[in-house]
Amino acid sequence: MNEPSFTLVQLRYFEAAARHLSMTAASKELVVSQSAVSTAIAQLEKEMGVQFLLRHHARGLSLTTAGEAFYKRVLNFLAHGAELVEAARQSGTELVGTLTIGCFATLAPFRLPSLLAKFEARHPQVHVSLREGEHQALKTALRSGGTELALLYGYDLDDDIDREVVGSAAPYALVPEGHRLARRKSRRVSLRELAEEPMVLLDLPHSREYLQSVLRDVGVEPRIRHRSTGYETVRSLVASGHGFALLNQRPPDDTTYSGAKAVPLTLTDAVPALEIVVASMRGARLTRRAQEFRELCRTHYTR
């Protein structure tokens, strides 16, 4: 039986069409005619004996089940093909190309800027593209090939995602500067001491459930006064006296965007810290760029 024959051009055209779910958008990106894209994909499907894309009149494209699986493999194939060319050009001495990194929104401001600075100093020919988002969006990006790595918390990661722990973040309480507990010299507090206080909740998927569970695990039912998806909004609401908050990432300064201060308090309760991980798809061969970034996270994230 003859092996299927296909070209890199066909794979690139298919990747663009599958990513955009549009022949028109793919042709514009590739700067070729729409018919060229359509013909190349049709030839690829004929050669493979499988339909990858469904054509919908005036409604673009959709991937078949086989197309979704093939798309993920094509992304990996093209990434490593590009790396092979780069390695040949650079004789293995310098990394070049693009690396796309995902990062959980509340983690991004803290360690990511310094990690990027270190990585870019080591590999100036690599362009790092950053994608911030919440937990589910980052998992989706990993599965679709939209990001090669993601820096996020270690909860709710399915079996198809590999993770390596690079740090941890213990929860702490946040109160206004004039709060009775803020005047405590030890800056330590039990969660039960906040039982009658209103709460300002960081209202992100999974984060909200986790933060409320921290209170419920010690027998305190949260009395939520305000919710916000913005980390700095939560801090500003606390600083203005709207309630206390629980957070995991601690900035170096107590001043909020509003100009008022929110004081962090260490919890005396035995509350486990959240793991911070670098995640990638299980079984995927990481490019050398991704391997180098993961190694940097491993050695420098907690510094």
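In table form, for the structure just shown:
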{"read-out": "Reciprocal mean inverse distance between Cα atoms of the stretch 99-220 - Kirkwood radius, Å", "value": "17.1 Å"}
{"read-out": "Within a Gaussian network of the chain (alpha carbon springs, distance under 10 Å), most fluctuating of Ser280, Ser186, Ser213", "value": "Ser186"}
{"read-out": "Charge-dipole axis of the chain as Lys and Arg at +1 and Asp and Glu at -1 on Cβ define it, positive-most pick from Asn248, Leu138, Leu53", "value": "Asn248"}
{"read-out": "Under 25 Å between alpha carbons - lysine pairs in the chain that sit 8 or more apart or on different chains", "value": "5"}
{"read-out": "Solvent-accessible surface ranking, highest first, for Val31, Val189, Val128, Val9 at 1.4 angstrom", "value": "Val31, Val9, Val128, Val189"}
{"read-out": "Lys261 versus His80: modelled label distance in nm, points set 7 Å from Cα along the beta carbon direction", "value": "5.5 nm"}
{"read-out": "For the stretch 63-73, Karplus couplings with θ = phi - 60° (6.51, -1.76, 1.60), whole Hz, Gly/Pro x", "value": "8, 6, 4, 5, x, 4, 5, 5, 4, 4, 6"}
{"read-out": "Amide H within-cut-off set for Leu99, under 5 Å, with H built and near neighbours excluded", "value": "His127, Val128, Ser129"}
{"read-out": "Most mobile listed residue (Leu157, Leu30, Leu174) in the chain, GNM with C-alpha springs under 10 Å", "value": "Leu30"}
{"read-out": "Computed [θ] at 222 nm, deg cm²/dmol, the chain (DSSP H ≥ 4; -39,500 (n - 2.57); rounded to nearest 500)", "value": "-12000 deg cm²/dmol"}
{"read-out": "In nm, spacing of pseudo-spin labels at Ala36 and Ala270 (7 Å Cα→C-beta vector)", "value": "6.7 nm"}
{"read-out": "Part-to-part distance (alpha-carbon centres) for the stretch 150-221 and the stretch 252-303, which is given in Å", "value": "15 Å"}
{"read-out": "From the coordinates shown, Rg and Dmax of the Cα atoms in Å corresponds to which of (1) 24.1, 80; (2) 26.0, 88; (3) 19.4, 64", "value": "(1)"}
{"read-out": "Computed over the chain: relative contact order in percent, which uses C-alpha pairs under 8 Å that are six or more apart", "value": "19 percent"}
{"read-out": "Placed amide H near Asp203: partners under 5 Å, 5+ positions off or other chain", "value": "Ser228, Thr229, Gly230"}
{"read-out": "Of Met48, Met281, Met199, the one that fluctuates the most in a GNM where the chain has Cα springs shorter than 10 Å", "value": "Met48"}
{"read-out": "Nonlocal amide H pairs with Asp269, under 5 Å, H built at 1.01 Å", "value": "Leu191"}
{"read-out": "Heavy-atom accessible area ranking, 1.4 Å probe, most first, across His127, His135", "value": "His127, His135"}
{"read-out": "Dipole in debye (nearest 20) - the stretch 45-176, about Cα centre, beta carbon charges: Lys, Arg +1; Asp, Glu -1", "value": "300 debye"}
{"read-out": "Under Karplus coefficients 6.51, -1.76 and 1.60, residue-wise ³J(HN,Hα) of the stretch 279-284 in Hz, glycine/proline x", "value": "10, 8, 6, 5, x, 6"}
{"read-out": "Difference of contour (0.36 nm per residue) and Cα-Cα distance, Ala170 to Ser240", "value": "22.8 nm"}
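The values are calculated or read from the model by the stated rules, or taken from the named source; none is laboratory data. Being a predicted model, the structure only gives us computed values, none of them experimental. Neighbour counts are summed over all protein chains in view; Cβ atoms, including those assigned to glycine, are modelled from backbone coordinates with ideal geometry. To get the accessible areas, we keep the full protein, side chains included, count just its heavy atoms, and leave off ligands, DNA and RNA. Shrake-Rupley method; radii C 1.70, N 1.55, O 1.52, S 1.80 Å.
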